[in-house]
1. Could you figure out which of (1) modelled with pLDDT of 95 or more; (2) farther than 18 Å from residue 157 by Cβ; (3) more than 16 Å from the ligand (Cβ to nearest atom) isn't true of residue 68?
2. Of everything in segment 177-214, what is crowded, with 19+ Cβ neighbours inside 10 Å and part of a helix (DSSP H, G or I)? Give them in sequence order.
3. Taking segment 22-47 as the search range and keeping residues that are without any contact (Cβ under 8 Å) to a residue 60 or more places away in the chain and assigned to a helix (DSSP H, G or I), which one is farthest from the ligand (Cβ to nearest atom)?
4. Looking for something in a loop (DSSP other than H, G, I, E, B) and within 17 Å of residue 228 (Cα to Cα) - is there at least one such residue anywhere in segment 65-81?
5. Can you pull out the residues in segment 1-21 that are within 16 Å of the ligand (Cβ to nearest atom), out of contact with any strand residue (DSSP E or B) (no Cβ under 6 Å at 6 or more places or on another chain) and not in a loop (DSSP other than H, G, I, E, B)?
6. Do you know which residues across segment 146-161 are part of a helix (DSSP H, G or I) and touching a strand residue (DSSP E or B) at 6+ places or on another chain (Cβ under 6 Å)?
7. Could you count how many residues in segment 176-203 are in contact (Cβ under 8 Å) with a residue 60 or more places away in the chain, away from the ligand (no atom under 16 Å from the Cβ) and either under 17 Å from the mean Cα position of the chain (by Cα) or closer than 17 Å to residue 236 by Cα (or both)?
8. Which residue pairs have Cβ atoms closer than 8 Å, lie 6 or more positions apart in sequence or on different chains, and pair a first residue in segment 125-140 that is more than 15 Å from residue 177 (Cα to Cα) and touching a residue at least 12 places away in the same chain (Cβ under 8 Å) with a second residue that is more than 15 Å from the ligand (Cβ to nearest atom) and in a loop (DSSP other than H, G, I, E, B)?
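The values are calculated or read from the model by the stated rules, or taken from the named source; none is laboratory data. In this text the structure is predicted, and so the values were computed from the model without any measurement. FYI the Cβ positions are ideal-geometry reconstructions off the backbone, even for glycines, and counts take in every protein chain you see.
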Ligand SMILES: [Fe+2]
């Protein structure tokens, strides 16, 4: 069986990513998949991107926050996000990113896929049809059926909703590992999943583990970034 570490929505929370790696590094992974949103809302975008650049078995795509950062770096004037505290986080991130990490982001696609044996895995930020679609576990089953219909992929690995789940609909496996770095459900622990694949078996296991949230809070304070984010990381909740 091949082993794949599933990560996504890290949002520059390197302390959370590091905690996951300390927890799982005893396993050897054939692949590491990242569903995008490397950047914004925590202060470690460079460390996060460098971590993936160093791992040649990693496969990453861009998320909506990363795309917006690239637009800012191109000099575009953005209408959104409208909220001042969000804009501060975006512009701060665009300023602190190192040139080699910007280059790396520019090199990434919006979606990708890989094949393990005879199993095809699609990697999407939103869904296979819309990279900005937020697909929660509670979405109508019809929506999953539409995505499964005619899909060339046996497995869809998706992010963006920041909610961990695993569903098999019409023979297609839909997996969201949850968010490594920005929780929405009131549980501040980091979220990820491990996928084991063979030609006859698909196994998925989700994990929630603690990480040093105060390292994120300290860094936010050090850079005088909006207080609301410290509160969000401590609570594991989206407040804006
Ligand atoms: Fe995200």
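1. Failing condition for residue 68: (3).
2. Across segment 177-214, the qualifying residue is only 213.
3. Within segment 22-47, the match that is farthest from the ligand (Cβ to nearest atom) is 22.
4. Kept after step one, since they are in a loop (DSSP other than H, G, I, E, B), are these residues of segment 65-81: 74-81.
Now restrict to residues that are within 17 Å of residue 228 (Cα to Cα): 81.
Yes.
5. Listed by number, the residues that qualify are 14, 17.
6. Answer for segment 146-161, where residues must be part of a helix (DSSP H, G or I) and touching a strand residue (DSSP E or B) at 6+ places or on another chain (Cβ under 6 Å): just 148.
7. Matching residues across segment 176-203 total 2.
8. As it stands, the answer is 128/151; 128/153, since those pairs meet every condition given.
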